[in-house]
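The values are calculated or read from the model by the stated rules, or taken from the named source; none is laboratory data. Values in this document were obtained by computation on a predicted structure and should not be read as measured data. Ideal geometry is used to build each Cβ from the backbone, glycine not excepted, and the neighbour counts take in all protein chains shown.
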Amino acid sequence: MNSNYCYSAPSVNPNQIYKMTDINKPLIAFDLGAVLIDWDPRYLYRKLFNGDDEGMEHFLAEVCSPAWNVQQDAGRSFAEAIAVLAKQYPEQRELISAYFERWEEMLGGAIEGSVEILRMVKELGFEVAALSNWSAETYPLAHKQFDFLNWFEVMVLSGKEKVVKPDPAIYRILLERTGRQAENCIFIDDSLINVQAARELGIASIHFQSPSQLRKELSSMHPELALLNS
């Protein structure tokens, strides 16, 4: 996750600032983590490991690993996940439990430039959706912190759907829920694997690297999006 572009999102009533969406314009679907929200377990575990970066990195690679965490993104409960891992590593039970109990401390803030792009495309009348690998248990904690999560017309979360990107099934859920054809969508994600999966289904996609890069690429994908550079 990228932690270079952070701020506290202001409280905004989207009904006060947005035009009615135009279904003749492409749907724009955003990933959340590392695109709009800076999330990184290191924000928490640096505190818990008291400067032992090597120990922290080993723990996050081998114990509470990305492969372990993605199972929660796919719908497994944290209670089950922690119980399984604590049985395997009983001496690290407290550190493992903190992954859920202190999850909010992994949030670094919103990625300001990306949130501004989201706001602008909404103002231009584009329908926006979120398509994210995210636990159904931790998403509410993020939702209460970031008002811009209320700006989406459609929200597809892997933890609720029990399927994660890059499985084609979750992209098809997005298309079905929005009533869109693949060629009438634009998808943005920081994972190249997820981007490639979307492209294979015919969805024009952007591999997110920074807000400035996103603004440049998005502005070339529809005439009205050129206004992002004005």
ask   = Taking helices (runs of 4 or more DSSP H) that do not extend beyond the range 30-149, which have at least 1 residues that are surrounded by 15 or more Cβ atoms within 10 Å (Cβ to Cβ) and among the basic types (Lys, Arg)?
value = 42-48, 112-123
task = State which residue is surrounded by the most Cβ atoms within 10 Å (Cβ to Cβ) when the search covers only the range 201-230 and only residues that are touching a residue at least 60 places away in the same chain (Cβ under 8 Å) and of a type in the set (D, E, K, R).
result = Arg215
key: Selected residue [modelled with pLDDT of 95 or more, among the hydroxyl-bearing types (Ser, Thr, Tyr) and within 15 Å of Lys25 (Cα to Cα)] from Ser219, Ser191   = Ser219
request  = Determine whether Lys165 is within 16 Å of Val70 (Cβ to Cβ), assigned to a loop (DSSP other than H, G, I, E, B) and out of contact with any Cys (no Cβ under 8 Å at 6 or more places or on another chain).
outcome  = yes
query = Restricting the search to the range 94-122, which residues are within 18 Å of the chain's Cα centre (by Cα) and of a type in the set (A, V, I, L, M)?
reply = Met106, Leu107, Ala110, Ile111, Val115, Ile117, Leu118, Val121
ask   = If you take the residues in the range 188-227 that are of a type in the set (A, V, I, L, M, F, W, C) and assigned to a loop (DSSP other than H, G, I, E, B), which one is nearest to Gly125 (Cα to Cα)?
value = Met221
